[in-house]
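K.L.:
Sending over a structure as structure tokens; questions will come in a sec.
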Amino acid sequence: MLAGCLAVAALAGCTGAPPDPDRPRPGQVDVGDPYVPGHGNGGYDVAAYRLRVRYDPADDRLTGHATVTATADAVLSRFNLDLAGLTVTAVRVDGTPARHARDGRELVVTPARGLARGARFAVDVEYAGVPTPVESELGVGGFLATPDGAVALGQPDSAATWFPVNDHPSDKATYDVEVTVPDGLAALSNGVPAGRSSSGGWTTWRWAERAPMASYLCTLVIGDYRVTTSTHAGKPMVTAVAVGLPADGPAATSIARTGEIADFLADRFGPYPFDSYGGIALADGRISYALETQSRPVYGPGFFLAGPNTEVVAHELAHQWFGDSVSLDRWGDIWLNEGFATYAEWLWTEHGGGRTAQRTFELRHAATDWSRPSVDPGRADMFGAAVYQRGALAVHALRRTVGDEVFFRTLRTWTAERRGGNATTADFVALAERVSGRRLGAFFDAWLVGGTAPAPP
């Protein structure tokens, strides 16, 4: 059908595909992603963020100094960063003061001298204020004050509520995060712990994520937590459980199995892609979701009300490969994240002696609304069953179609070749065809966007 050819197989089974009209143009104040209008900016590519923030829970005030290192993709007389609801007091470009103005959630920067195409430059932004949370289809997110601190979390909206950023997953970068909080509070972020120091009643926690990371995956969790630091497979493992949760309760016992579950997934997906492991269990019931924040997923308390839940840990850890290491180029392909993470739950459940992946496939196949597509589901349905469950159905159907050896070789090739980058559905279709030696455009069209139930393979 036409929709399938346009959405899925344009680079695999169809010919004459035109240039992508949605790619950002030089200087464009938006990456052109209809799922997140106004997010991201064209004209430059960010290489690194250095964030130095100070937060006082007594008045919810955040002060920050962000250094954004980037390369100009075009001649730039000015450029934009995404920043929502905070007051900017100074901006410098390569050490020279620059003019700045606000336009909604955009910070418009005009350097003293234009930037040549290919020039590497650094932007320093000093800012402060009381951050405000945001609402999305996933739930409350952004920078959210809690009774004992704060949490910065959310998808697709989060990063711009607490630092200036090119806020779209197509522009990944490395991160150094320094967080200063009152003594006695933990301040957790992504990546490898880089030490901490105390002075005058305040403690600075430092974190370094050297693998490229999409902005929505950057997190900040501040509060009263039991923090455990160890090593796993030669890498640091940092887990944290809110003191409002039992020390030996279901949340703590579930994320304690992070290393074991990551090893299980590595056997199927390829080597774990980051330099650290971990997880954070929140006690704040306003966070009704778990999120695959890179190297250190964050879990809302609702997942553990009925007891231990290692399936959600498997889901978020699977995202470390599918979504974090290999990230979306556009939000309309979110099934590439959620379909594979959901399938990882099926595999983990089967591994633990529960229902087999095949039986889960049969039950889900019978219950699926096939009128709703996995690819380009629309913003309102980007976290819907078609993305998660129908996406997982397509993954298992591929396994049944090409066989286990080819299937798992496809997954390991995907995570190896695309490590640290971005990809589309068409990229995955092309890779599956290359590894299997089969034309699969019609297969993916049926399983991901077709309007009627395909026959199980």
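K.L.:
Can you name every residue in the stretch 96-107 that is touching a residue at least 40 places away in the same chain (Cβ under 8 Å) and either surrounded by 15 or more Cβ atoms within 10 Å (Cβ to Cβ) or closer than 16 Å to residue 49 by Cα (or both)?
P.N.:
Correct list: 105, 106, 107.
K.L.:
Please go through (1) under 22 Å from the mean Cα position of the chain (by Cα); (2) touching a residue at least 60 places away in the same chain (Cβ under 8 Å) for residue 133 and return the number of the only condition it doesn't satisfy.
P.N.:
Every condition holds for residue 133 apart from (2).
K.L.:
Do you know which of the residues in the stretch 432-450 that are open to solvent by 10 Å² or more (accessible area, probe 1.4 Å) and aliphatic (A, V, I, L, M) is nearest to residue 339 (Cα to Cα)?
P.N.:
Here the answer is 449.
K.L.:
Please count how many residues of the stretch 214-240 are farther than 23 Å from residue 264 by Cα and not in a helix (DSSP H, G or I).
P.N.:
11
K.L.:
Condition (residue is more than 21 Å from residue 373 (Cβ to Cβ), part of a helix (DSSP H, G or I) and either in contact (Cβ under 8 Å) with a residue 40 or more places away in the chain or aromatic (Phe, Trp, Tyr) (or both)) applied to the stretch 416-425: is it met by at least one residue?
P.N.:
yes
K.L.:
From 198, 170, grab the single residue that is outside any strand (DSSP E or B), of a type outside the set (Val, Ile, Thr) and over 22 Å from residue 140 (Cβ atoms).
P.N.:
Numbers: 198 fails: outside any strand (DSSP E or B).
Checking each option against the conditions leaves just 170.
K.L.:
Cβ-Cβ below 8 Å, separation at least six or inter-chain, first residue in the stretch 115-129 and closer than 25 Å to residue 52 by Cα, second surrounded by 15 or more Cβ atoms within 10 Å (Cβ to Cβ) and modelled with pLDDT under 95: which pairs?
P.N.:
129/85
K.L.:
Just checking: which of the strands (runs of 3 or more DSSP E) contained wholly in the stretch 25-111 hold 2 or more residues that are farther than 23 Å from residue 179 by Cβ?
P.N.:
On the way: elements: 44-56, 61-72, 79-82, 87-93, 99-103, 106-110.
Once the strands (runs of 3 or more DSSP E) in the stretch 25-111 are filtered for at least 2 residues that are farther than 23 Å from residue 179 by Cβ, what remains is 44-56, 61-72, 79-82, 99-103, 106-110.
K.L.:
Now, a different point. Give me the residue from the stretch 289-299 that is more than 17 Å from residue 193 (Cα to Cα) and part of a loop (DSSP other than H, G, I, E, B) and, out of that set, farthest from the chain's Cα centre (by Cα).
P.N.:
Filtering the stretch 289-299 for residues more than 17 Å from residue 193 (Cα to Cα) gives 289-292, 299.
From what is left, the residues that are part of a loop (DSSP other than H, G, I, E, B) are 289, 292.
Values: 289: 13, 292: 6 Å.
Filtering first and then ranking leaves 289.
K.L.:
State all residues of the stretch 406-431 that are open to solvent by 20 Å² or more (accessible area, probe 1.4 Å) and more than 24 Å from residue 213 (Cα to Cα); if no residue qualifies, say none.
P.N.:
Answer for the stretch 406-431, where residues must be open to solvent by 20 Å² or more (accessible area, probe 1.4 Å) and more than 24 Å from residue 213 (Cα to Cα): 406, 408, 409, 430.
K.L.:
Which of the numbered conditions does residue 93 fail, given that it passes all the others? Conditions: (1) under 29 Å from residue 155 (Cβ atoms); (2) free of Cβ contacts under 8 Å to residues at least 60 places away in the same chain; (3) open to solvent by less than 60 Å² (accessible area, probe 1.4 Å).
P.N.:
So residue 93 meets the others, but not (1).
K.L.:
I would also like to ask the following. Restricting to the stretch 108-123, count the residues that are buried (at least 18 other Cβ atoms within 10 Å of the Cβ) and in contact with a Lys or Arg (Cβ under 8 Å, 6 or more places away or on another chain).
P.N.:
Residues that pass the stated criteria total 3.
K.L.:
While we're here: Do you know which residues across the stretch 254-288 are aliphatic (A, V, I, L, M), within 28 Å of residue 137 (Cα to Cα) and in a loop (DSSP other than H, G, I, E, B)?
P.N.:
Hits for the stretch 254-288 are 282, 283, 287.
K.L.:
Select, from 262, 256, the only residue that is open to solvent by 10 Å² or more (accessible area, probe 1.4 Å) and more than 30 Å from residue 378 (Cα to Cα). Quick ask: steps written out before the conclusion?
P.N.:
Details: 262 fails: open to solvent by 10 Å² or more (accessible area, probe 1.4 Å).
Answer to the check: 256.
K.L.:
Restricting attention to the stretch 75-90, and to residues there that are buried (at least 19 other Cβ atoms within 10 Å of the Cβ) and not hydrophobic (A, V, I, L, M, F, W, C), which single residue is farthest from the chain's Cα centre (by Cα)? Steps first, please.
P.N.:
Here is the first cut: in the stretch 75-90, the residues buried (at least 19 other Cβ atoms within 10 Å of the Cβ) are 76, 79-84, 86, 88.
Restricting the remaining residues to those that are not hydrophobic (A, V, I, L, M, F, W, C) gives 80, 82.
Values: 80: 22, 82: 17 Å.
Of everything passing the filter in the stretch 75-90, 80 is farthest from the chain's Cα centre (by Cα).
K.L.:
Ok, one more. What residue, among those in the stretch 194-206 that are open to solvent by 50 Å² or more (accessible area, probe 1.4 Å) and in contact (Cβ under 8 Å) with a residue 24 or more places away in the chain, is nearest to residue 274 (Cα to Cα)?
P.N.:
206
K.L.:
Of the residues that make up the stretch 238-249, is at least one surrounded by 22 or more Cβ atoms within 10 Å (Cβ to Cβ), over 21 Å from residue 222 (Cβ atoms) and in contact (Cβ under 8 Å) with a residue 12 or more places away in the chain?
P.N.:
So far as the stretch 238-249 goes, no, none of its residues is surrounded by 22 or more Cβ atoms within 10 Å (Cβ to Cβ), over 21 Å from residue 222 (Cβ atoms) and in contact (Cβ under 8 Å) with a residue 12 or more places away in the chain.
K.L.:
Considering only residues that are among the aromatic types (Phe, Trp, Tyr) and closer than 23 Å to residue 240 by Cα, look in the stretch 257-277 and name the one that is farthest from the chain's Cα centre (by Cα). Walk me through it before giving the result.
P.N.:
Step one: filter the stretch 257-277 for residues among the aromatic types (Phe, Trp, Tyr), giving 264, 269, 272, 274, 277.
Now drop any that are not closer than 23 Å to residue 240 by Cα, which leaves 264, 272, 274, 277.
Values: 264: 21, 272: 16, 274: 14, 277: 15 Å.
The residue in question is 264.
K.L.:
Turning to a different aspect of this structure: Restricting to the stretch 272-321, name every residue that is of a type in the set (Lys, Arg) and surrounded by fewer than 23 Cβ atoms within 10 Å (Cβ to Cβ). Let's see the steps before the verdict.
P.N.:
First, pick out the residues of the stretch 272-321 that are of a type in the set (Lys, Arg): 286, 296.
Result: 286, single match.
K.L.:
Here is a further query. List the residue pairs whose Cβ atoms are under 7 Å apart, where the first residue sits in the stretch 222-233 and is within 23 Å of residue 151 (Cβ to Cβ), the second is among the small types (Gly, Ala, Ser) and in a loop (DSSP other than H, G, I, E, B), and the two are 6 or more positions apart or on different chains.
P.N.:
Listed pairs, sorted by first residue: 226/247.
K.L.:
Of all the residues that make up the stretch 180-193, how many are part of a strand (DSSP E or B) and buried (at least 24 other Cβ atoms within 10 Å of the Cβ)? Explain how you work it out, then say what you get.
P.N.:
First, the residues of the stretch 180-193 that are part of a strand (DSSP E or B): 180-182, 186-188, 192-193.
This time we only want the ones that are buried (at least 24 other Cβ atoms within 10 Å of the Cβ), so: 187-188.
Counting residues in the stretch 180-193 that are part of a strand (DSSP E or B) and buried (at least 24 other Cβ atoms within 10 Å of the Cβ) gives 2.
The values are calculated or read from the model by the stated rules, or taken from the named source; none is laboratory data. All values derive from a computational prediction rather than experimental measurement. Here the Cβ is made from the backbone with ideal geometry for all residues, glycine too, and neighbour counts use every protein chain on show. Remember, those area values only see protein heavy atoms, side chains included, never the ligands or the DNA or RNA. Shrake-Rupley method; radii C 1.70, N 1.55, O 1.52, S 1.80 Å.
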